[in-house]
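Structure record follows, encoded as structure tokens.
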Amino acid sequence: MRKTLGWLLSLVVLIGTMGAAGSTAQAATAAQPAAATDIKDQILGIPGMSLIEEKPYPGYRFFVLNYEQPVDHRQPWKGTFKQRLTLLHKDVSRPSVFFTSGYNVNTNPRRSEPTTIIDGNQVSMEYRFFTPSRPDPANWSHLDIWQAASDQHRIFTALKKIYKKNWLATGASKGGMTATYYERFYPRDMDGVVAYVAPNDVVNNEDSAYDRFFAKVGTKECRDKLNAVQREALVRREPLEAKYAVAAAENGWTFTTIGDLDKAYEAVVLDYAWAFWQYSLLADCASVPAAATASDQQLWDTIDTISGFSAYADQGLETYAPYYYQAGTQLGSPDIKQPHLKGLSRYGYQPPRNFVPRDIPMAFQPGAMADVDKWVRDNAHQMLFVYGQNDPWGAEPFRLGYGVRDSYVMIAPGANHGANVAKLMDGEKALATSKILQWAGVAPAAALADAGKAAPLAAPDAQLDQRDLEREPQLRP
């Protein structure tokens with residue numbers, strides 16, 4: 001009887017222990033969070049987002065995506081188009097950079113300089129009307145800086161739900177302009193802006209700043225050498241245009257938009273000095289041939305290498321039609337006098353209207369750039385503008401007024417259109433790096449205490465960090 005009772009008591013204890021253990025296990029199971037949703041599924045869960053492809057890259061996830069956007073953000077019910085973008089995903093716990101080139105998006109993994117500095121994620125947007133991100137049918141009146149800024153705003157608003165840390169906007173040249181316009185129209189979205197080599201043509205018909213730039217850039221020896229090549233190319237117009245006709249026939253180039261081969265030829269020649277300083281350095285002047293003794297082939301080669309004879313053929317202009325359209329409607333375009341070509345130039349700097357098909361209406365809006373310029377001067381907050389000393393586009397830069405907060409304009413000595421933070425003088429490079437880290441909310445304590453200790457957080461990556469310098473056609477008046 002005592003044995004039986006003891007056995008029963010032991011059984012009750014065992015059952016109770018198992019029950020308690022079971023309850024504890026169930027509670028523990030209930031307390032465990034469900035497995036995190038894969039980042040691709042989170043992104044594709046955004047209404048209007050679709051996947052084009054995913055490309056593997058060590059340490060990242062890289063997605064090429066489409067996002068459905070209103071053709072007209074003021075009347076979103078009047079149709080949509082698919083806008084292409086890419087996402088270089090690091091981690092949702094990291095800050096993010098919104099990059100724009102102002103042109104087509106690169107569908108290979110890339111990091112902008114701010115992305116490397118903050119070791120973050122990067123969203124890159126294709127500018128509206130650059131194919132394939134073009135509405136069909138295309139109403140070109142919907143291609144303006146506010147509509148493009150509103151594209152960015154919608155993408156940011158959708159992704160901010162996933163990437164909740166700080167955001168920076170960046171871009172170079174037209175991309176830097178784009179980042180600035182985005183800040184002007186949606187100043188509460190970003191925590192900082194880094195705009196590289198961003199032109200600011202406030203008064204389109206007043207371009208003397210460019211003439212002053214070309215009168216002093218580099219050395220007199222280099223300037224004279226470049227001018228001589230341009231002049232000789234117009235003196236030898238007949239034989240060089242004959243070579244151009246042969247090249248056009250071989251490559252299938254046509255000249256319907258600009259009018260004829262002669263206009264295209266002169267446009268390429270007049271670009272030569274500008275394009276040299278935009279993409280080359282003073283040391284590269286040594287490779288420019290002496291015009292007086294150069295053969296026709298040498299002249300052709302140097303002009304083709306620096307300016308590009310395909311630029312004003314229909315096939316070259318087609319890609320950049322949205323750019324020229326904006327230059328002729330809002331952005332403005334520079335003009336330079338080039339007195340050394342007097343008596344030889346037949347057309348001068350041709351207007352953007354000559355580079356856009358005639359069936360696309362264009363009318364210039366002189367208040368667009370003046371509005372942005374005034375806003376930046378009065379309201380810039382946590383904005384950094386970086387320019388190259390020898391870059392023609394820096395002749396009319398953004399400037400800051402007395403009311404701005406924590407904003408800067410910095411110039412990289414001797415740099416061209418590829419100027420960046422890394423090319424600044426040491427003190428400014430440290431300050432710029434420190435500010436970018438602060439605005440992104442990831443500045444280490446050492447950098448907060450001493451800007452000189454600020455450094456990029458991501459390890460260098462030759463593939464990711466290469467800059468695909470957009471060979472932009474020169475803007476016209």
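Assorted remarks:
- Residues of the stretch 252-286 classified as assigned to a helix (DSSP H, G or I) and either closer than 24 Å to K225 by Cβ or open to solvent by less than 50 Å² (accessible area, probe 1.4 Å) (or both), total: 23
- Residues in the stretch 224-233 that are under 16 Å from S307 (Cα atoms) and surrounded by fewer than 19 Cβ atoms within 10 Å (Cβ to Cβ): N227, A228.
- Of the listed requirements (1) touching a Phe, Trp or Tyr at 6+ places or on another chain (Cβ under 6 Å); (2) assigned to a helix (DSSP H, G or I), M190 misses just one: (2).
- Matching entry among D359, D296 (being under 25 Å from K243 (Cα atoms) and of a type in the set (D, E, K, R)): D296
- Within the set A370, A443, A422, the sole residue that is in a loop (DSSP other than H, G, I, E, B) and open to solvent by 10 Å² or more (accessible area, probe 1.4 Å) turns out to be A443.
- Every condition in (1) in a helix (DSSP H, G or I); (2) open to solvent by 10 Å² or more (accessible area, probe 1.4 Å); (3) within 23 Å of G332 (Cβ to Cβ) holds for N204 except the one numbered (1).
- Close contacts from the stretch 231-242, counting a first residue that is in contact (Cβ under 8 Å) with a residue 12 or more places away in the chain and a second that is among the aliphatic types (A, V, I, L, M) and surrounded by fewer than 16 Cβ atoms within 10 Å (Cβ to Cβ), with Cβ to Cβ under 9 Å and a gap of 6+ residues or different chains, come to E232/A292.
- Those residues of the stretch 300-323 which are surrounded by 20 or more Cβ atoms within 10 Å (Cβ to Cβ), under 28 Å from E232 (Cα atoms) and among the hydroxyl-bearing types (S, T, Y), in sequence order: T302, S307, Y312
- Residue among V123, V105 that is part of a loop (DSSP other than H, G, I, E, B), open to solvent by less than 40 Å² (accessible area, probe 1.4 Å) and not polar (S, T, N, Q): V105
- A count restricted to the stretch 84-134 and to residues that are touching a Pro at 6+ places or on another chain (Cβ under 6 Å) and under 29 Å from Y325 (Cα atoms) stands at 3.
The values are calculated or read from the model by the stated rules, or taken from the named source; none is laboratory data. The shown structure was predicted, so the numbers you read here are calculated from the model rather than taken from an experiment. All Cβ positions, even for glycine, are placed from backbone atoms using ideal geometry, and neighbour counts span all protein chains on display. Remember, those area values only see protein heavy atoms, side chains included, never the ligands or the DNA or RNA. Shrake-Rupley method; radii C 1.70, N 1.55, O 1.52, S 1.80 Å.
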